[in-house]
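The values are calculated or read from the model by the stated rules, or taken from the named source; none is laboratory data. Computed from a predicted structure; not experimentally measured. Don't worry about glycine lacking a Cβ; one is built from the backbone with ideal geometry, like all the others, and counts go over all protein chains shown.
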Amino acid sequence: MPRDQTCRPSDTRFDCQTPWSHAAHGPVHIFAWQFLATASLIFGFWYLWWRWAYSINWDAAWFSLPLIMAETAAFFGLVLFTINLWSPRSPKRQPAPALVSETSDSSAAPDRPLIVDVFFATYDENPELVRLGLRDAQRMQYPHPIDLRIHVLDDGRRPAMAAVAAELNVNYITRDDNVGYKAGNLRNAMDRTVGDFVVIFDADTRPFPTFLTDTLGYFRDPKVAWVQTPQWFWDIPPGVPLHAAWQRRLGRFGGWLGRKVEAVIGPVRFGEDPFGNDPQMFYDFIQHRRNWANASFCCGAGSVHRREALMEAAIRSWTAQIETMSDNEDKRISKMTGEVALFEAVRYTARMGRAREIEFTPFKLHVSEDLYTSIVLHSDRDRGWKSVMHPEVLSRMISPTDLLSWTIQRFKYAGGTLDILRNDNPLTRRGLTVPQKLMYGTTFYSYLSPLWNIIFLIAPIIFLFSGIAPVATYSLEFFLHIIPFLLLNELAQMVGLWGTPVMKGRRWYIAMFPLTLAALWAVVRGQRISFTVTPKDRASGRYLKLVRWQILLLVVNLVALIYGWGLFSQGASGYTLGAMIVNTFWSVNNMMALGVIVRAAIWKPDPDFDLPVMEGYQHESK
Amino acid sequence: MKANNGWTMARGQIAWILALIVSTAIVIQLERLEIGARLGSLDSNPLAEADPAWSQALHDARGQTPDPGNAAPQDQAALLLALSLAALQDDADTALLAEEAAAVIDAIGPLAAADPLVSDAKAMARRVFGF
């Protein structure tokens with residue numbers, strides 16, 4: 001459906017291609033969330049205490065202990081997640097500044113209009129796709145005179161891209177090599193530009209006219225180093241409505257029935273957002289609710305940076321690296337020569353050598369350069385740089401719409417994040433505040449989740465095949481301890497994340513365990529996580545190989561259910577009805593989680609409902 | 001955010017919560033039924049043959065006191081003592097016996113409770129079962 005067409009009540013926002021609006025919860029709502037979350041954690045702690053103290057099945061410790069450890073690890077993750085979501089307290093947006101002096105506390109700041117550099121980083125994307133973003137950037141408005149400089153940063157050195165830039169009268173920047181990939185590309189552009197603020201867009205980003213007006217106001221606070229805006233994917237397949245799907249099978253009666261059902265329970269879509277790409281929960285809740293801790297991190301596209309902050313942090317980081325290397329070298333030389341103190345001249349020469357060797361870069365040359373750069377800036381206690389996650393969507397971009405592209409992107413995210421944890425752990429880094437460490441810790445911890453999710457996925461299978469219970473008994477006492485926690489936790493999350501589909505996110509979180517596990521294993525082995533550009537064009541085909549582990553678990557779960565109920569019907573020892581109900585509930589829950597990614601592997605866009613939305617870009621560029 | 005949008009988004013969680021409540025209710029109901037079945041099976045307890053002295057006493061006491069609330073004080077006391085005695089056996093299901101004893105104590109009215117025999121039997125049962 002074209003963007004400007006009026007939406008019908010039965011349409012989802014994916015049909016209408018309209019972004020989510022910020023879930024602005026009022027004080028009563030927030031109090032309800034905090035109350036439920038606290039109660040949930042108290043009951044969760046009580047449950048876990050009871051589990052450790054009374055319910056371990058020591059006759060099957062090989063099964064019981066890993067499960068309780070997994071439960072404890074997951075509970076710790078829940079505590080971190082609750083702290084993350086605790087408060088929506090955020091900096092207030094201020095009027096857009098007219099002069100540079102309004103954004104700085106330095107008396108030397110000039111009284112001239114702002115200079116803003118807008119970077120479009122590209123490598124091999126279709127130049128026509130970039131053209132759309134460039135045109136939108138040229139339409140960006142500002143209430144004061146502003147010097148807007150748009151640059152295409154083409155790491156692919158393509159004449160066609162240069163031609164588009166020339167046609168639109170924007171600057172074209174390229175380089176001879178691809179050192180540092182995207183971070184290197186941005187660094188190269190920083191060297192060649194002088195703007196007070198730098199806006200980073202990807203090749204597929206299309207900013208809204210209000211982008212600058214809504215973001216630059218935050219920089220009136222001279223401590224604000226960057227503002228991140230939510231990334232909204234406007235090509236997410238809306239799926240086939242229930243009434244349409246039933247009409248195809250049952251004719252007019254099916255259509256009528258489908259409409260009646262949807263009138264009662266709301267719109268139902270088959271195949272809506274098949275790859276779980278909708279990032280609302282991440283930006284509108286996880287990132288936005290880190291503003292209170294000054295810990296929202298940069299996600300690359302759709303962010304605005306204060307050049308001074310980037311450059312200053314880069315200088316500090318550069319000098320710190322030189323210091324560290326030189327100190328280590330001093331120690332090595334002292335050890336070799338037996339000299340306690342080296343001559344100052346020798347030390348100076350060595351340091352100059354290191355300075356030439358170490359690259360100076362405002363963006364860390366890393367696959368997760370945005371996260372890494374955020375950590376570096378947040379660690380700068382002397383300057384006390386702040387970050388802001390703006391709540392409203394101010395740009396649109398396109399999402400990976402096949403499982404291969406999706407896998408490449410998610411592996412990059414997981415591997416990059418875990419690589420930082422292994423090689424430059426922010427939790428032990430000097431400069432970050434305790435809340436900031438907690439927030440970054442939450443991000444890193446979530447990527448360790450396959451370690452316990454795999455146990456949750458296997459546990460019901462073990463019971464159904466063996467009749468061995470991981471708890472001492474599935475008695476009333478067990479239910480009395482676990483049910484209040486589960487109910488309160490679900491209620492807390494429902495209230496706290498009201499306005500976003502929590503269940504879907506949770507299923508994907510579980511379903512992607514082999515990918516996260518592979519990234520974890522790669523990082524543990526010291527394997528380099530390479531930077532691969534996420535494909536912007538849809539690759540067709542089935543990707544069952546990518547989900548072979550999930551398929552295997554699905555099949556084993558099904559067989560286990562049949563086997564378990566078969567033994568139960570014969571009155572086999574250990575197969576009590578209570579235990580069967582618990583493990584069936586658990587197993588079905590796991591299968592539903594695994595099902596989302598298996599469905600995605602065989603998903604094909606519906607020509608009537610999905611393709612028009614997914615191909616919106618192509619239509620616009622014609 | 002539209003008012004309906006929140007409910008639409010929360011449908012999965014609401015369904016999950018309902019499923020949890022229903023399955024918990026089923027489990028609790030089954031637990032109660034299982035207790036009833038086990039109580040029934042205790043009437044024809046094979047242990048009676050293994051240890052006729054206490055098991056037979058319990059069987060007789062139950063037989064004489066089908067409705068503990070309206071039974072004579074000495075029958076109520078006898079049932080409580082038989083339950084206490086049974087609970088002291090090595091292979092007794094103390095949890096089940098405790099539930100039954102608690103039910104008998106609850107059923108005893110204020111008049112009968114004043115009876116010294118019943119009062120002593122109650123005290124004995126409380127000591128054995130730890131209420």
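Summary table
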{"item": "Listing of helices (runs of 4 or more DSSP H) fully contained in the stretch A:424-503 that carry 1 or more residues being of a type in the set (A, V, I, L, M) and closer than 30 Å to A:ALA522 by Cα", "result": "A:434-446, A:450-466"}
{"item": "In the stretch A:232-255, residue surrounded by the most Cβ atoms within 10 Å (Cβ to Cβ) [restricted to those that are more than 24 Å from A:ALA601 (Cα to Cα) and in contact with a helix residue (DSSP H, G or I) (Cβ under 8 Å, 6 or more places away or on another chain)]", "result": "A:HIS243"}
{"item": "Helices (runs of 4 or more DSSP H) fully within the stretch B:1-68 counting 2 or more residues that are modelled with pLDDT under 80 and within 14 Å of chain A (Cβ to nearest Cβ)", "result": "B:3-9, B:11-43"}
{"item": "Complete set of residues in the stretch A:422-475 that are of a type in the set (Phe, Trp, Tyr) and either over 30 Å from A:GLY578 (Cβ atoms) or touching a Leu at 6+ places or on another chain (Cβ under 7 Å) (or both)", "result": "A:TYR440, A:PHE444, A:TYR445, A:TYR447"}
{"item": "Among residues of the stretch A:564-573, those that are at pLDDT below 90 and surrounded by 15 or more Cβ atoms within 10 Å (Cβ to Cβ), counted", "result": "0"}
{"item": "Inter-residue pairs, beta-carbon under 9 Å, first assigned to a loop (DSSP other than H, G, I, E, B) and in the stretch A:100-112, second β-branched (Val, Ile, Thr), 6+ apart", "result": "A:ALA109/A:VAL100; A:ALA109/A:THR103; A:PRO110/A:VAL100; A:ASP111/A:VAL100; A:ARG112/A:VAL100"}
{"item": "Selected residue [among the hydrophobic types (A, V, I, L, M, F, W, C), modelled with pLDDT of 95 or more and buried (at least 21 other Cβ atoms within 10 Å of the Cβ)] from A:LEU491, A:LEU497, A:LEU487", "result": "A:LEU497"}
{"item": "Within the stretch A:204-237, tally of residues that are under 18 Å from the mean Cα position of the chain (by Cα) and within 22 Å of A:ASP147 (Cβ to Cβ)", "result": "4"}
{"item": "Failed condition for A:LEU464, given (1) in contact (Cβ under 8 Å) with a residue 12 or more places away in the chain; (2) among the aliphatic types (A, V, I, L, M); (3) within 14 Å of another protein chain (Cβ to nearest Cβ)", "result": "(3)"}
{"item": "Enumerated helices (runs of 4 or more DSSP H) restricted to the stretch A:185-300, each holding at least 3 residues that are in contact with a His (Cβ under 6 Å, 6 or more places away or on another chain)", "result": "A:252-265"}
{"item": "Verdict on A:THR210 being away from chain B (no Cβ under 14 Å) and out of contact with any Gly (no Cβ under 6 Å at 6 or more places or on another chain)", "result": "yes"}
{"item": "Tally, over the stretch A:467-479, of residues that are surrounded by fewer than 20 Cβ atoms within 10 Å (Cβ to Cβ) and within 9 Å of chain B (Cβ to nearest Cβ)", "result": "3"}
{"item": "Given (1) part of a helix (DSSP H, G or I); (2) under 27 Å from A:LYS412 (Cβ atoms), number of the condition A:THR319 does not satisfy", "result": "(2)"}
{"item": "Condition broken by A:GLY541, with the remaining ones in (1) modelled with pLDDT under 95; (2) closer than 22 Å to A:SER64 by Cβ; (3) away from every other protein chain (no Cβ under 14 Å) satisfied", "result": "(2)"}
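Here's the yes/no breakdown for (1) part of a helix (DSSP H, G or I); (2) touching a Lys or Arg at 6+ places or on another chain (Cβ under 6 Å):
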{"site": "A:LEU561", "(1), (2)": "yes, no"}
{"site": "A:GLY574", "(1), (2)": "no, no"}
{"site": "A:TRP586", "(1), (2)": "yes, no"}
{"site": "A:ALA593", "(1), (2)": "yes, yes"}
{"site": "A:ASP608", "(1), (2)": "no, no"}
{"site": "A:PRO612", "(1), (2)": "yes, no"}
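Each row is one residue, and each column tells you yes or no for (1) polar (S, T, N, Q); (2) closer than 29 Å to A:LEU427 by Cα.
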residue	(1), (2)
A:SER40	yes, yes
A:TRP50	no, no
A:ALA60	no, no
A:LEU80	no, yes
A:LEU99	no, no
A:THR103	yes, no
